[in-house]
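**Q** Pasting in a structure now, in structure tokens, and then I'll have a few things to ask.
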Amino acid sequence: MALLEVKDLSVVFARKGEREVRAVDGVSFDVDAGEVVGLVGESGCGKSVTSLAIMGLLPKRGVRVSGQATFDGMNLLQTDERTLRDIRGRDVAMIFQDPLSSLNPVVPIGLQVTEVLTRHRGMKGEAAKKEAAHLLERVGIPDPTRRLKEYPHQLSGGMRQRALIAMAVACAPRLLIADEPTTALDVTIQAQILELLKDLVRDSGTALLMITHDLGVVAGMCKSINVLYAGRRVESAPRRVLFAQRHHPYTVGLLGSIPRLDAPKGEKLRPITGSVRDVLPWAEGCAFAPRCFNRVDRCVDGPPELVWTAAQHGYRCVNPVMEAETAK
Amino acid sequence: MTLTGRKKEKIDRLGELAGAPEESGQSLLREAFKRLRRNPAAIAGAIILGLFVLIALFGPFLVPHDPVEPIGVDNGEVRSGQGIIPGISGEHWLGYDHQGRDEFSRMIVGARQTLWVGVVATFFGLAVGSLVGGLAGASYGLGGKWGRRLDGFLMRTVDILLAMPSLLLAVSIVAILGRSLLSVMIAVGMVSVPVFARLLRGSMIAQSSSDYVLAATALGVKRNKIALSHLLPNSLAPVLVQATLTLATAIIEAAGLSFLGLGNPDSAAPEWGVMLADAQGFLDVRPGLAIYPAVGIIITALGFTLLGEAMREALDPKLRK
Ligand SMILES: Nc1ncnc2c1ncn2[C@@H]1O[C@H](COP(=O)(O)OP(=O)(O)O)[C@@H](O)[C@H]1O
Ligand SMILES: [Mg+2]
């Protein structure tokens, strides 16, 4: 059984007097123990909402969550808040997109790290401080004892994200959810942080749910990849399978819109036109149809079913791309 | 708009300042301090307050005459019943008061009680208001349905206090508690309780939807810990600004209570409000006796207001260029 099994997860924002927003719509995927799984899609497609729903961090009011998110045999969506608070940070931890705003500006880094150690590992005083310094060192922060006394604004963006990673891995969680952990950082720093995450999960056997809008950046580290569009999973496959063959035009565009140095000469870039706002409600057909280069009339006949191939490759498209990309 | 509505709006506006999300708190405070030092109004306020505090602390040891002994009556200079109260002289810089005591010494010594009442009353209001507002804000921001109910209950109670005219409220409290220095402090402090409560609550609610609270929750940090070590330190700035402004009104209100005869029953202890009240009967003979304490109250209140308003401006991201 997988470590995390998300099944038919739906999240609907329904505030009084506002139009309902179906941010996540029947999404399913698995994360095996110690494995890195990618969750990819443009901004606004429901990645953050998915991760917050799994963690039980969505606001309680005006939100309807349905489906299952089974972690280690326990459905997190049905678990009471008290138990969830014990699980968070200890068994499942999360890293957010913006390291500056994710740290408390008026509390020294050290206190924020020891807080987690006190909460889940019962460490106090000198022992906690020592362990905090050790953690900072482990995530590659030089001179950790000095850094512990500093405030978030005294650290660089990369250092802040490292500090947040240190807090997230402080209790050696079995699952780490990273929601666009490098989006707010410079390109050179991005690579370093990804390298750090890769090393950490490999060394400690932590499973990683890697959320990103930039498939090219993380593709290399994921064992399998799920592509989200307008709240639904439109394609899912092991990395090698997906790289050899992408069936959904959206995924083709998503990978095609990243220039690759090793691309054969003359290969055309195929950027996705329009924006995620040009969506069709799924009930009326494929939500991607208005932006799709492969559109046919059948696309708007009704919601496309998820089709599975023999190679564990699923796609939700009535007119998929079938020939290998490089053959074009 | 009703008066209560206007009051509420003013308080909430200040509360929002704490929730300016793009700023990091530390550098925000440092920036604010820099702006403060460049603001002439802030400097003027700080100088006035510095002098006032120095006088209040050390003045009583340096005064030329005993502020309580009626010296002028003993040597027959003052006969207030006959309208004879000598004015400014080389010996008595502000003349005598109606009981033949040295007015200058009384002004200096009076500063101490005025400051003391203001500070204790403001501190009382700050403590009680922060307790109520902090509890309400934390339960609204972090708690579920029951948190909202507790917040609703606390804030409706506070709204009742806020709806009452402040002097009326203070007078009623002194009437209930009986006349004493302590009840003046409590009465004046009580008036500012709803302001502090509303302010801290608003600022904590604004903070509770911030990313670092979400991040701490995602690490399993408990709610009371989040409230105390994350929400509170980030919500205090506007409350401290308000405390400075409240010192001004507290001093005026304390003087007002004294003026109404509800102040410190120990009438020998000089206090500007009492001195103002005492001077009423001698306005035609020696108007100065009313003017000196009035000017003292006005200048001190002005000092606190200048500094407080400058602090508010320095913290307000929308007023910044
Ligand atoms: N608190 C909220 N209330 C209403 N709608 C929301 C809320 N949070 C997110 N959404 C909507 O859900 C959709 C998915 O958002 P999100 O998961 O943040 O996207 P992303 O993939 O960029 O992380 C968006 O259309 C957004 O407008
Ligand atoms: Mg997001």
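**Q** Is one or more of the residues making up the stretch A:131-146 of a type outside the set (A, V, I, L, M, F, W, C), within 11 Å of chain B (Cβ to nearest Cβ) and more than 16 Å from ligand 2 (Cβ to nearest atom)?
**A** From the stretch A:131-146, those of a type outside the set (A, V, I, L, M, F, W, C) are A:131, A:134, A:137-138, A:140, A:142-146; that's our starting set.
Still in the list and also within 11 Å of chain B (Cβ to nearest Cβ): none.
No - not one qualifying residue is present in the stretch A:131-146.
**Q** Being modelled with pLDDT of 95 or more and surrounded by fewer than 24 Cβ atoms within 10 Å (Cβ to Cβ) narrows it down to one residue among B:Thr244, B:Thr249, B:Thr217; which is it? So that I can check it myself, show each step before the final result.
**A** Values: B:Thr244 fails: modelled with pLDDT of 95 or more; B:Thr249 fails: modelled with pLDDT of 95 or more.
None of the other options fit; the residue is B:Thr217.
Residue-by-condition table, conditions (1) over 30 Å from B:Gly308 (Cα atoms); (2) of a type outside the set (Gly, Ala, Ser); (3) in a loop (DSSP other than H, G, I, E, B):
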| residue | (1), (2), (3) |
| --- | --- |
| B:Asp66 | yes, yes, yes |
| B:Gly81 | yes, no, no |
| B:His92 | yes, yes, yes |
| B:Ser105 | no, no, no |
| B:Ala111 | no, no, no |
| B:Thr114 | no, yes, no |
| B:Phe124 | no, yes, no |
| B:Leu135 | no, yes, no |
| B:Gly141 | no, no, no |
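**Q** Based on what the data block shows, is A:Gly62 among the small types (Gly, Ala, Ser) and open to solvent by 40 Å² or more (accessible area, probe 1.4 Å)?
**A** Numbers: among the small types (Gly, Ala, Ser): yes; open to solvent by 40 Å² or more (accessible area, probe 1.4 Å): no.
Considered against the rule, which asks whether it is among the small types (Gly, Ala, Ser) and open to solvent by 40 Å² or more (accessible area, probe 1.4 Å), A:Gly62 comes out as no.
**Q** With a cut-off of at least 3 residues that are touching a residue at least 24 places away in the same chain (Cβ under 8 Å), more than 14 Å from chain A (Cβ to nearest Cβ) and farther than 30 Å from A:Leu76 by Cα, name the helices (runs of 4 or more DSSP H) lying wholly within the stretch B:173-274. Steps first, answer last, please.
**A** On the way: elements: B:181-208, B:211-218, B:232-259.
Output list reads B:181-208, B:232-259.
**Q** Taking the stated definitions as given, is A:Val27 touching a Phe, Trp or Tyr at 6+ places or on another chain (Cβ under 8 Å), over 30 Å from A:His153 (Cβ atoms) and within 16 Å of ligand 2 (Cβ to nearest atom)?
**A** Values: touching a Phe, Trp or Tyr at 6+ places or on another chain (Cβ under 8 Å): no; over 30 Å from A:His153 (Cβ atoms): yes; within 16 Å of ligand 2 (Cβ to nearest atom): yes.
It is false that A:Val27 is touching a Phe, Trp or Tyr at 6+ places or on another chain (Cβ under 8 Å), over 30 Å from A:His153 (Cβ atoms) and within 16 Å of ligand 2 (Cβ to nearest atom).
**Q** Please count how many residues of the stretch A:173-222 are within 14 Å of chain B (Cβ to nearest Cβ), within 16 Å of ligand 1 (Cβ to nearest atom) and open to solvent by less than 20 Å² (accessible area, probe 1.4 Å).
**A** Summing the residues that are within 14 Å of chain B (Cβ to nearest Cβ), within 16 Å of ligand 1 (Cβ to nearest atom) and open to solvent by less than 20 Å² (accessible area, probe 1.4 Å) in the stretch A:173-222 gives 7.
**Q** Exactly one condition in (1) surrounded by 19 or more Cβ atoms within 10 Å (Cβ to Cβ); (2) within 16 Å of ligand 2 (Cβ to nearest atom) is false for A:Val37; which is it?
**A** All conditions pass for A:Val37, except number (2).
**Q** Output yes when any residue across the stretch A:25-39 is more than 23 Å from A:Gln161 (Cβ to Cβ), among the acidic types (Asp, Glu) and free of Cβ contacts under 8 Å to residues at least 24 places away in the same chain, and no when none is. Break it down stepwise before answering.
**A** Filtering the stretch A:25-39 down to residues more than 23 Å from A:Gln161 (Cβ to Cβ) leaves A:25-30, A:32-33.
With the extra rule that they be among the acidic types (Asp, Glu), the set shrinks to A:25, A:30, A:32.
Adding the requirement that they be free of Cβ contacts under 8 Å to residues at least 24 places away in the same chain leaves none.
No, because not a single residue in the stretch A:25-39 is more than 23 Å from A:Gln161 (Cβ to Cβ), among the acidic types (Asp, Glu) and free of Cβ contacts under 8 Å to residues at least 24 places away in the same chain.
**Q** Between residues in the stretch A:199-218 that are of a type in the set (Asp, Glu) and residues that are part of a loop (DSSP other than H, G, I, E, B) and within 16 Å of ligand 2 (Cβ to nearest atom), which pairs lie under 8 Å by C-beta distance while being six or more apart or on different chains?
**A** A:Asp214/A:Thr183
The values are calculated or read from the model by the stated rules, or taken from the named source; none is laboratory data. The shown structure was predicted, so the numbers you read here are calculated from the model rather than taken from an experiment. Note that each Cβ is placed from the backbone with ideal geometry, even for glycine, and that neighbours are counted across all protein chains shown. Heavy atoms of the whole protein, side chains included, go into the accessibility calculation; ligands, DNA and RNA do not. Shrake-Rupley method; radii C 1.70, N 1.55, O 1.52, S 1.80 Å.
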